[in-house]
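Shown next, in structure tokens, is the structure this report addresses.
Every read-out reported here was derived from the displayed coordinates using simple, explicitly stated rules and does not represent laboratory data. Quantities reported herein were computed from a predicted structural model and do not represent experimental measurements. Positions of Cβ are backbone-derived with ideal geometry, glycine not excepted, and every protein chain shown enters the neighbour counts.
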Amino acid sequence: MTLTTLRRQTSGARTSSRTWSRKFADAFRGLCRAVRTQSSFAVHLGMAGAVVAAGGFFRVTGVEWSLLVFAIGLVLMAEIFNTAIESLARAPGSRRHPRVRDALDMASAAVLLAAITAAVIGVIVFGPRMLVWV
């Protein structure tokens, strides 16, 4: 069986039974689960709120808002992907394997890189304003 055949068989059954409203409901369920169960996601949301407040306080431009929103989205997406991989690694019957450990470490590294990128964007946007303000 080819990969294309397998995709057709698995995607046809899945997409025909799920409506768009069901897909969105499932996505929001995943988002709510990440918020409720992941303390690091809550920290990232808190930081996102602080960035939005700072953006309002310093009256950032439209382009700067775009960069800030991109950075916030990047970090939150990385955290959700990390959470999804952690959830799969803890599934019943999952054995500890060096490749599972590697996957978990790489997912954590993705969150770290996203957070560093967001911090750099924050320094670029807010740094000059803070120097003038201080």
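Given bins 5 angstrom wide, list per bin the percent of all Cα-Cα distances in the chain, short to long.
2, 9, 14, 14, 14, 15, 12, 8, 6, 3, 2, 1, 0, 0
Can you give me the relative contact order of the chain as a percent, contacts being Cα pairs under 8 Å and 6 or more apart?
Working: 53 pairs, mean separation 35.4, N = 134.
In percent, rounded to a whole number, it is 26.
Based on Cβ point charges of +1 for Lys and Arg and -1 for Asp and Glu, what charge dipole magnitude is obtained for the chain about its Cα centre, in debye rounded to the nearest 20?
Values: 16 positive and 6 negative charges, 149 e Å.
I would put it at about 720 debye.
Just to check I understand the Karplus step: with θ = phi - 60° and J = 6.51 cos²θ - 1.76 cosθ + 1.60, what whole-Hz values come out for region 38-48, glycine and proline as x?
Karplus values, whole Hz, x for Gly and Pro: 10, 5, 5, 5, 4, 5, 5, 5, x, 5, 4.
If the only charges are +1 at each Lys and Arg Cβ and -1 at each Asp and Glu Cβ, what is the size of the charge dipole of region 85-134 around the Cα centre, to the nearest 20 debye?
Value, rounded to 20: 180 debye.
Angle check, please: helix 3-17 long axis (alpha carbons) against the longest principal axis of the chain (alpha carbons), in degrees 0 to 90, nearest 10.
Around 80 degrees separate the two axes.
Ranking request for peptides 19-28, 107-116: highest mean number of other beta-carbon atoms within 10 Å first, then the rest in descending order.
Highest to lowest by the protection proxy: 107-116, 19-28.
Starting at the first residue of region 52-63, write each ³J(HN,Hα) from the Karplus equation 6.51 cos²θ - 1.76 cosθ + 1.60 with θ = phi - 60°, in whole Hz, x for Gly and Pro.
5, 4, 5, x, x, 5, 8, 6, 5, 6, x, 5
If one takes the longest principal axis of the Cα atoms in the chain, at what angle in degrees, from 0 to 90 and to the nearest 10, does the Cα axis of helix 98-133 lie?
So the helix axis and the longest Cα principal axis differ by about 20 degrees.
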